[in-house]
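See below for the structure under consideration.
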Amino acid sequence: MEGLQAQLAAPRAQFLERAPLTREALAFAQGRHSGQTRDIDEVPFVTHPLEVACLLHEAGYSDEVVAAGVLHDVLENTDAERAELDARFGPAVAWLVTAVSNDPSIEDDSERKAALRLQVADAGDRAAAIFAADKISRVRELCARIDRGDFREADRIKFDHYEQSLAMLAEIMPGHRLVNQLRLELEELRLPGSPSRA
């Protein structure tokens, strides 16, 4: 938890002082994700939604969109329900979180990810920005795993999803700073056993 506290104190996250909805969303996310850690290390899981929030804030998004970024995984990874998000954070935030959440009724992983990409594409620019920020953070986590020598074959499936996500995002938000950042992150990532992209 000390690492998270240091992140919250960092200049990058100081915008929270001026973002009451995001502050409330972070407190909610910390409670719901309590005890969860990222699968690449022992860092509290909420570090990921906090990074997503920072990326959205830096891209100039409103408190409402940044709050949805903080909450983007609570429907998938906790017992939170949409009605609760609606009551606490308003229908716009609840709708955005739902727009970037997987459909748990789709069992096949590839089909579920493909359906999510279509869902995000149909949901508009604000949902797409949250999705892009999420993918930037996830690509960075994958890069950290590779750097630690902990690459898994399942990571290739994630990488394919990230590349397909980039293609979708580039089509609906060409030239957007988050899309450009995702492109750069993916270009720098080298999967073990893959040919060089030079």
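The values are calculated or read from the model by the stated rules, or taken from the named source; none is laboratory data. Keep in mind that what you see is a predicted model, and the values were worked out from it rather than measured. Counting neighbours? That spans all protein chains shown, and the Cβs are built from the backbone with ideal geometry, glycine included.
The set of residues in the stretch 155-176 being within 23 Å of H57 (Cα to Cα), of a type in the set (A, V, I, L, M, F, W, C) and touching a residue at least 24 places away in the same chain (Cβ under 8 Å) consists of L166, M168, L169, I172, M173. Residue count for the stretch 111-129 under the criterion of being among the polar types (S, T, N, Q) and in contact (Cβ under 8 Å) with a residue 40 or more places away in the chain: the result is 0. Taken over the stretch 91-129, the criterion of being of a type in the set (S, T, Y), in a helix (DSSP H, G or I) and at pLDDT 95 or above is satisfied by T98 alone. All conditions in (1) within 27 Å of V179 (Cβ to Cβ); (2) in a helix (DSSP H, G or I) hold for A27, with the sole exception of (1). The test for being exposed (fewer than 15 other Cβ atoms within 10 Å of the Cβ) and within 17 Å of A29 (Cβ to Cβ) does not hold for E64. Just one of the listed residues (L85, L56, L26, L50) is surrounded by 15 or more Cβ atoms within 10 Å (Cβ to Cβ) and closer than 18 Å to V120 by Cα, and it is L56. Being surrounded by fewer than 23 Cβ atoms within 10 Å (Cβ to Cβ), closer than 26 Å to D147 by Cα and β-branched (V, I, T): is that true of T98 here? No. Each residue in the stretch 130-154 was checked for being in a loop (DSSP other than H, G, I, E, B) and either among the acidic types (D, E) or touching a residue at least 40 places away in the same chain (Cβ under 8 Å) (or both), and 4 pass. Counting the residues of the stretch 93-125 that are within 22 Å of E64 (Cα to Cα) and among the hydroxyl-bearing types (S, T, Y) gives 2.
Quickly run through the stretch 155-174 and pick out the residues that are in a loop (DSSP other than H, G, I, E, B) and crowded, with 16+ Cβ neighbours inside 10 Å. Within the stretch 155-174, just M173 meets the criteria.
If you go through the stretch 43-87 and keep only what is closer than 24 Å to E107 by Cβ and either under 10 Å from the mean Cα position of the chain (by Cα) or in a helix (DSSP H, G or I) (or both), you end up with H72, D73, V74, L75, E76, N77, R82.
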